Every structure is written in structure tokens, then in C-alpha cells.
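The values are calculated or read from the model by the stated rules, or taken from the named source; none is laboratory data. If you're wondering where the values come from, they're calculated on a predicted model, not measured in any experiment. Methodologically, a virtual Cβ is constructed for each residue, glycine included, from the backbone with ideal geometry; neighbour enumeration extends over all protein chains shown.
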Amino acid sequence: MTTAAQTAELARRSVVRTLRQPANVVAPLLFPMMLLAVNAGGLNSAEQLPGFPADSFFAFALAVPFIQGALFATMNAGTDLARDIQTGFLNRLSLSPMRSVALLAGQLGGVVTIGLVQAVFYLGVGLAAGVRLESGVTGAVVLLLLATLIALAFGSLGAFAALRTGSGEAVQGLFPALFVFLFISSMNLPRNLIEIDWFRTAATLNPVSYLIEGVRSLIIVGWDTQALALAFGFAFSIGVVGLTAASWALRVRLTRT
Amino acid sequence: MRGIVAVALAVAWRAIHNVFTNPALLIPSIVFPLFFFTAFAGGLSRVSDVPGFDYGPGYTGFQFVFVLLQSAAFGGVFTGFGIARDFESGFARRLLLAAPRRSGIVLGYSLAALVRWLTTASVLTVVAVVAGMNIGGGPVDLFGLYGLALIVNAAATLWAAGVAMRLRTMQAGPVMQMPVFLILFFAPVYVPIDLLQGWIEAIASINPVTALLEAGRSLLAGEPEHVALAFGVAVALAAAFALWAVRGLRRAEAAGA
């Protein structure tokens, strides 16, 4: 079996096991939509703030589910990988001719697939709610590409946590920390409208702000080269760091095995 | 009566001991409200510039009341998780066998939830004051505000206890948590109800939590409004959920836990 075939098989397994757990499918689809509805409803009047960059708060906030969904996918994928370790599946797999790169790529292939499905769902809900992408159809394609890259980047962090700790609970423990990154960002207001200095500084230092702003630019601005370059740059960087760390953790774990 | 008190104190002591000796249980219940307070009061303070927003103590105080009530409600829900865990582990079965007056079990868990929330509320209040929250109300107003939150805590605990005793599994967590989350966020969280529009305004206007929030905010500002209504709503919720919890206890007894 070639490495590509091994990767495809493990990716298929990753997707199928996610689909077999309805809670893992429904929660990442519905929870971000619920938070979007609540925030967009409650903060609708923020549109009246001088300098607010969109006519509709819903369109402004639509970027957030793409990042939140990636966090969910990461947790699910990391937890599944940790379960493989806890149940001994990884040990049995290591006795087969499977290449370690195929394990990582297969696992992340599953994350990317789920992430893409989620992104299509969020985009569909946004369009159905009357949001029109300023960047047009090409922008929608770029948005899905960016959302997929973000899912891959966060997925690699989840894989690292799973391989390093071998514990599903430890991976779940990452979720609040990632949620902090989401909330201490420009998710609810543009950075220039955040009044409290330390919060604005924290949001500026927080890479998640740039991921959100990249997605948001495609929805409410059009083609903002700087926002897109930062978003793709940060997603790519997080992905490289995560993949490097996960590869190292896998090597260490297989050596132990 | 003495039997109920003895059972309640024993159950409360055990639940409190469990929480305060286990950082994994204690820290989230303290950190999450602080985190929400930071994210909302820090990140959204500019919302107070929206035309029509007129709240004396400022946006920090506006959000403090929401987070105080939210911490009270979630303190109760977290206690419900503990009850479900006790049923899953088999401890509750032994408790039901040993307790001479079983309604003391519900009372005991409620006492434990109260102690747990008082800890969270103390930390939250100190942080809010240090962050520069303005307080317009006098001691009587503040007593009313914390009294209101205390009844909310009792109501949420009784709700979660009723669910936990019916389903008797940790998987019931979302059933306890999600309705509380929704009812809290479908209230005027970010702006006063007058500034809400559309569907969220329609829901918030019939949501009982709106009365609690508005009265709580008026007490913090020192301009009490609709306080009797809010206490009436809170007491009615607590009474209804007390019945729900006791009937849940009877179900658990009938099922042999």
C-alpha cells in the first residue's frame, strides 16, 4: 500500500468515526450558529458606532463561526487520536507497515474534510440570511480555502496535544484555552473600536484576531490584500509549528511503543 | 426535620470538600465568569457609546450584573454535574440507602452550590472593583442584588438536580447546561432591552431573565426598578424547580438509582 493510499484510508476512518458520533457533528455546526445569532441579535446596535465597518452586524460577525468551528474540529480530532492511543490502536498500527507521515496526514485529512463541510454550512447559513460577499464568488472560494487551512492549523495543534499527552481529557482541556484566544480578539468589534487599551493590545497580539479579520475582509470589505496576507500567513505559520510539533511527538511516541 | 438537616449538612460537606480539594472542579467555576467579565466589559465597553445607552455605573457595571447572575446560574449547573457523577459512580445509590430523609439530599446539594457560588461571586466582585467598576447603589441595594443572584443560584441548582436525578448520567450535561445558556443569552446581555431589535427583542421581552437583569442593574445603579417583579420571578422559578428536583428524586428512588 502506498503512502497516499494509507493516508486516504486513515482519513476516511477519521471522517467516518466523526460522522458516527452525532454529537461531534451537530455541536460544531449548531453551537457557532447559536452564538452568532445571540451576538448578532444582542450587538445589532453596535452598527451605530462611528467607524463601524459594516452595515450589518450579522455580516460582520459571520467570520467568527469559521474560527470557532475549526476549534471544535480540532478538539474532536485530537480526542479521537488520543482515544486511539488509549485503546492501543496506535500500538497495533505501529506494528503494521504504515508510515508515520500517513498517520498524521490521514488524521489531519479527516479534520480538513470536516472543517470544509462546516465552512460550507456556515457560508450557506450566511447567504441564506441575506449576507452578500463583497469579494464575490471567487471570494467564497478563497474563504473556504482559508477556513480549511485554519482547520488544518488548529488540527495539527490538537494532534500534537493528543500525541504528547495520550489523553482525551488533556485534549479537551485545551478547549477553554483556545476559547480564551477567540474571546480576547477582534471577534465582536474591530480593533480600532476597542476602547480598553490592554484589551486592544491583547487582541492585536492575538493571532486569532488576524484569522477572523482575514475571513471578515472577504465578507464585508472585498479584497483586502493586507488582511488576507496576515490571515493566510498566520494560519500557515500555526500549521507549520503544529505539524512540526506533532511529527516530533509522534516520533517520540512510536519510539516508546 | 432534624433528619433532613443532618442529611443536608453531610451531603453539602462532601460536595464542598470534593470541589474545594479538586482544582479541576474549582478553577473553571471561578475562571469562566472572570473570563466572560473580562471579554465583555473589556472588549465591548465602546458599546456604551451607542445612542440611547444610558446606564450610570458604565459598561463595566452593566456587564458585572450579567456575569454575576450567570455565575450564579452556572454554579448551580456545575453542581448538577456533580450529582450526575455521583449517580454514575454508584455513590448516589448508597446515599439513597443511607439517608433517613432523602429530601435532605437535594437541600445538601443546594447548600454546596451556594457555598461554591459565594466563592466565585467574592472573587468576581473583588476583580470588578479593582477594575474600576462604579457602584451607585447603597448596602441595601447591593444586598438585594446578591440576594437575587442567590435565588437564581438555588433555582439553577434545583433545575440541574432534577435533570441529573432523572437521567443519572454525565451525558446529561448538555441537557442541564444548554437551556440555561440559552435563557441567559436571550436576555439583554450587551445592551438594554430598549436598544434590542427584531427577534431577539421579542424573545427578551418575554424572557424571565430580562426582569432579573434589569432589576439587578437598577440595584447596582442605586435606582431600583421592578425589583419586586424580579424577586417574584426568581422565587417562582426556584419553587417550580424545587418541585422538579423533588420529583426527580422520587424517580431516582423508583428506578433504584
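In segment B:80-119, how many residues are aliphatic (A, V, I, L, M), surrounded by 19 or more Cβ atoms within 10 Å (Cβ to Cβ) and over 15 Å from B:Ala242 (Cβ atoms)? The number of residues fulfilling the criteria is 5.
Of all the residues that make up segment B:29-45, how many are within 7 Å of another protein chain (Cβ to nearest Cβ) and free of Cβ contacts under 8 Å to residues at least 12 places away in the same chain? First the steps, then the outcome.
Restricting attention to segment B:29-45, the residues satisfying the condition of being within 7 Å of another protein chain (Cβ to nearest Cβ) are B:35, B:39, B:42-45.
Okay, now just the ones that are also free of Cβ contacts under 8 Å to residues at least 12 places away in the same chain, so B:35, B:39, B:42-43.
Within segment B:29-45, residues that are within 7 Å of another protein chain (Cβ to nearest Cβ) and free of Cβ contacts under 8 Å to residues at least 12 places away in the same chain number 4.
In summary, A:Met33 fulfils each of the numbered conditions (1) part of a helix (DSSP H, G or I); (2) within 14 Å of another protein chain (Cβ to nearest Cβ); (3) more than 24 Å from B:Trp199 (Cβ to Cβ) with the single exception of condition (3). Of note, B:Phe241 satisfies the criterion of being surrounded by 14 or more Cβ atoms within 10 Å (Cβ to Cβ), closer than 30 Å to B:Ala92 by Cβ and either touching a residue at least 12 places away in the same chain (Cβ under 8 Å) or not hydroxyl-bearing (Ser, Thr, Tyr) (or both). Restricting attention to segment B:1-18, the residues being out of contact with any Lys or Arg (no Cβ under 7 Å at 6 or more places or on another chain) and surrounded by fewer than 17 Cβ atoms within 10 Å (Cβ to Cβ) number 9.
Would you say A:Leu116 is in contact (Cβ under 8 Å) with a residue 12 or more places away in the chain, in contact with a Ser or Thr (Cβ under 8 Å, 6 or more places away or on another chain), surrounded by fewer than 22 Cβ atoms within 10 Å (Cβ to Cβ) and over 30 Å from B:Thr38 (Cβ atoms)?
Details: in contact (Cβ under 8 Å) with a residue 12 or more places away in the chain: yes; in contact with a Ser or Thr (Cβ under 8 Å, 6 or more places away or on another chain): yes; surrounded by fewer than 22 Cβ atoms within 10 Å (Cβ to Cβ): yes; over 30 Å from B:Thr38 (Cβ atoms): yes.
Criteria met by A:Leu116.
Would you check which residues across segment A:129-138 are part of a helix (DSSP H, G or I) and either modelled with pLDDT of 95 or more or of a type outside the set (Gly, Ala, Ser) (or both) and list them? I'd like the intermediate steps shown before the answer.
Residues of segment A:129-138 part of a helix (DSSP H, G or I): A:136-138.
Result: A:Val137, A:Thr138.
Contact annotation: residue pairs with Cβ atoms under 9 Å, 6 or more positions apart or on different chains, pairing a residue in segment A:177-204 that is more than 7 Å from every other protein chain (Cβ to nearest Cβ) and touching a residue at least 24 places away in the same chain (Cβ under 8 Å) with a partner that is aromatic (Phe, Trp, Tyr) and surrounded by fewer than 19 Cβ atoms within 10 Å (Cβ to Cβ), are A:Phe179/B:Phe35; A:Pro190/A:Phe52. How about segment B:46-66: which of its residues are more than 8 Å from every other protein chain (Cβ to nearest Cβ) and closer than 15 Å to A:Gly51 by Cα? Of everything in segment B:46-66, just one residue is more than 8 Å from every other protein chain (Cβ to nearest Cβ) and closer than 15 Å to A:Gly51 by Cα, namely B:Ser48.
Answer with yes or no whether B:Thr21 is exposed (fewer than 15 other Cβ atoms within 10 Å of the Cβ) and of a type in the set (Ser, Thr, Tyr). Yes.
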